[in-house]
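A.B. asks: Sharing a structure with you now.
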Amino acid sequence: MECICCVSPTRRRLLGTMAALASGLTSGLPASAVTPAPGPAADIAGKVRSIDIHAHYYPESYCELVGTEGGKFGGKFTCGANSFSFQTPAGGLGPLPLKFIRIDERLADMDASGVDMQALSLSVPMAYWADRAFNAKLARTWNVAASGVHQRHPARFVVLATLPMLNPHDAIDELERAAELPGVRGVYMGTNINNRDLDDLLFEPVFARIEQLDLPVFLHPQQTVGGARLGDFYLSNLLGNPFDTAIAGSHLILGGVMDRHPRLRITLPHAGGALPILMGRIDAGWTVRPETRKLAQKPSSYLRRFSYDTVSHSGPVLDFLIQNIGIDRLLLGSDYCFDMGYEQPVTFLDRLALPLEQKNLILGGNAAQLLHI
């Protein structure tokens, strides 16, 4: 079978049109030709729908944009019969399996793993590179494509919109436009923006508008700490990702973002990274270090302001979060379909000795409330 991202743009558009006709996307075919619209969070039998809030997606249109117009900024996209790769000034990625792009293969994986719905999100290299105009075009292209997936399969996918964060005016413009797109239920953002931490005043108006729109924010590591010292043994991911999450969460707390925006809801990936387990040390610093005393309350009191996905690779870590933060703050995640994610995110919950009612909260109940599903 010919790779969808290896054919010419003209041929690709033709294939896309044919696929749309075959899938019943024209008005002349019955509604049963597409996935039906989502119902309530639980079906008639009381089964809670499983909602994966950490699932990455690379639309073909976004990939093509990186490889064409992005070339003058150092962007590159290559695709083979079974995989594809990115290279940008913000970092490279790949080879990755084509099921990141192909929705039919994604749906098959979801069915095999018991995931009823994914919240689609962009991942590395995100959209925070090149110039301002291209930054905005990358974000807009991804959001439109992801919304299109929701429209074709409204019971299976919702969208976490990406924003052109290099400029706050562009970010707010895209936020307001994307918030009107079908399926958009939140915002996806890097743990830093080109090495600017999230308490930088550049981002203050963006967080203010997100709060006004009552959209949850989901973070993901990018351009992580460590440099060359984490170059071996995949430590850039194994250690860099959880520590970058901890740094982002600390800046949001200690930098006053959570105080200035009391209704802002943020989800930390990878079970909060290193932040929850190090919070005792951060609290101790708050008692003795004047630079941390801008907060009205000790840092650990902010832990319940965040939600956390289940991508911990450790049952005891999730037990720690449940006992110290609360079952209502845990959300099912897979990190689809990276090698450091879960192939069976639902089965992983079996490591937790929980009553069915509590397990269902993690499986989908908490996410349904957060995402207004």
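A.B. asks: (1) closer than 30 Å to Ala296 by Cα; (2) at pLDDT below 95: which one isn't true of Arg229, the others all being true?
C.D. replies: (1)
A.B. asks: So, in the range 74-96, how many residues would count as being of a type outside the set (Phe, Trp, Tyr) and surrounded by 18 or more Cβ atoms within 10 Å (Cβ to Cβ)?
C.D. replies: The initial filter retains those residues of the range 74-96 that are of a type outside the set (Phe, Trp, Tyr), namely 74-76, 78-83, 85, 87-96.
From what's left, surrounded by 18 or more Cβ atoms within 10 Å (Cβ to Cβ): 75, 79, 87-88, 90, 96.
Number satisfying all stated conditions: 6.
A.B. asks: Shifting gears a bit: So in the range 322-354, with the set limited to residues that are under 22 Å from His56 (Cα atoms) and among the small types (Gly, Ala, Ser), which one is surrounded by the most Cβ atoms within 10 Å (Cβ to Cβ)? Don't jump to the end; show me each part of the working.
C.D. replies: Filtering the range 322-354 down to residues under 22 Å from His56 (Cα atoms) leaves 329-349.
Next, only the ones that are among the small types (Gly, Ala, Ser) stay: 333-334, 341.
Working: Gly333: 28, Ser334: 26, Gly341: 18.
Once the filter is applied, the top-ranked residue is Gly333.
A.B. asks: Now for a separate question. What number of residues within the range 62-73 satisfy the criterion of being among the hydrophobic types (A, V, I, L, M, F, W, C), surrounded by 17 or more Cβ atoms within 10 Å (Cβ to Cβ) and in contact (Cβ under 8 Å) with a residue 60 or more places away in the chain?
C.D. replies: As a first pass, look at the range 62-73 and keep what is among the hydrophobic types (A, V, I, L, M, F, W, C): 63, 65-66, 73.
Remaining after also requiring surrounded by 17 or more Cβ atoms within 10 Å (Cβ to Cβ): 63, 65-66.
Subset that is in contact (Cβ under 8 Å) with a residue 60 or more places away in the chain: 65-66.
Of the residues in the range 62-73, 2 are among the hydrophobic types (A, V, I, L, M, F, W, C), surrounded by 17 or more Cβ atoms within 10 Å (Cβ to Cβ) and in contact (Cβ under 8 Å) with a residue 60 or more places away in the chain.
A.B. asks: While we're here: Taking the range 306-321, which residues are surrounded by fewer than 18 Cβ atoms within 10 Å (Cβ to Cβ) and in contact with a Leu (Cβ under 9 Å, 6 or more places away or on another chain)?
C.D. replies: Gly315, Asp319
A.B. asks: Quickly run through the range 70-82 and pick out the residues that are in contact with a Gly (Cβ under 8 Å, 6 or more places away or on another chain) and either outside any loop (DSSP other than H, G, I, E, B) or closer than 27 Å to Leu363 by Cβ (or both).
C.D. replies: Lys76, Phe77, Thr78
A.B. asks: Would you say Ile247 is among the hydrophobic types (A, V, I, L, M, F, W, C), over 26 Å from Met126 (Cα atoms) and crowded, with 16+ Cβ neighbours inside 10 Å? Break it down into steps so the answer makes sense when it comes.
C.D. replies: On the way: among the hydrophobic types (A, V, I, L, M, F, W, C): yes; over 26 Å from Met126 (Cα atoms): no; crowded, with 16+ Cβ neighbours inside 10 Å: yes.
Spelling it out, it is not the case that Ile247 is among the hydrophobic types (A, V, I, L, M, F, W, C), over 26 Å from Met126 (Cα atoms) and crowded, with 16+ Cβ neighbours inside 10 Å.
A.B. asks: Now for a different question. Could you list all residues from the range 106-128 that are at pLDDT below 95 and more than 18 Å from the chain's Cα centre (by Cα)?
C.D. replies: none
A.B. asks: Taking the range 97-114 as the search range and keeping residues that are among the aliphatic types (A, V, I, L, M) and surrounded by 13 or more Cβ atoms within 10 Å (Cβ to Cβ), which one is nearest to Glu343 (Cα to Cα)?
C.D. replies: If we filter the range 97-114 for residues that are among the aliphatic types (A, V, I, L, M), which is where we start, we get 98, 101, 103, 107-108, 110, 112.
Filter again for surrounded by 13 or more Cβ atoms within 10 Å (Cβ to Cβ), leaving 98, 101, 103, 107, 110.
Details: Leu98: 16, Ile101: 17, Ile103: 16, Leu107: 13, Met110: 9 Å.
Here the residue is Met110.
A.B. asks: Give me a count of the residues in the range 201-237 that are touching a residue at least 12 places away in the same chain (Cβ under 8 Å), surrounded by fewer than 20 Cβ atoms within 10 Å (Cβ to Cβ) and either within 26 Å of Ala367 (Cβ to Cβ) or among the charged types (D, E, K, R) (or both).
C.D. replies: Residues in the range 201-237 being touching a residue at least 12 places away in the same chain (Cβ under 8 Å), surrounded by fewer than 20 Cβ atoms within 10 Å (Cβ to Cβ) and either within 26 Å of Ala367 (Cβ to Cβ) or among the charged types (D, E, K, R) (or both): 7 in total.
The rows are residues; the columns are (1) within 22 Å of Leu160 (Cβ to Cβ); (2) among the aliphatic types (A, V, I, L, M); (3) modelled with pLDDT under 95.
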residue	(1), (2), (3)
Pro269	yes, no, no
Gly273	yes, no, no
Ile277	no, yes, no
Arg289	no, no, yes
Lys294	no, no, yes
Tyr308	yes, no, no
Ser312	yes, no, no
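A.B. asks: If you check every pair at least six apart or on different chains, which have Cβ atoms under 6 Å apart with a residue in the range 142-154 that is closer than 18 Å to Met189 by Cβ first and a residue that is in a loop (DSSP other than H, G, I, E, B) and basic (Lys, Arg) second?
C.D. replies: Close Cβ pairs (under 6 Å, with a partner that is in a loop (DSSP other than H, G, I, E, B) and basic (Lys, Arg)) do not exist here.
A.B. asks: For the range 111-219, please list each of the helices (runs of 4 or more DSSP H) lying entirely inside it that holds at least 2 residues being closer than 24 Å to Tyr308 by Cβ and touching a His at 6+ places or on another chain (Cβ under 7 Å).
C.D. replies: Of the helices (runs of 4 or more DSSP H) lying wholly inside the range 111-219, those with at least 2 residues that are closer than 24 Å to Tyr308 by Cβ and touching a His at 6+ places or on another chain (Cβ under 7 Å) span 204-213.
The values are calculated or read from the model by the stated rules, or taken from the named source; none is laboratory data. None of the values given here were measured: they were computed from a predicted structure. Neighbour counts run over all protein chains shown; Cβ positions are idealised from the backbone, glycine included.
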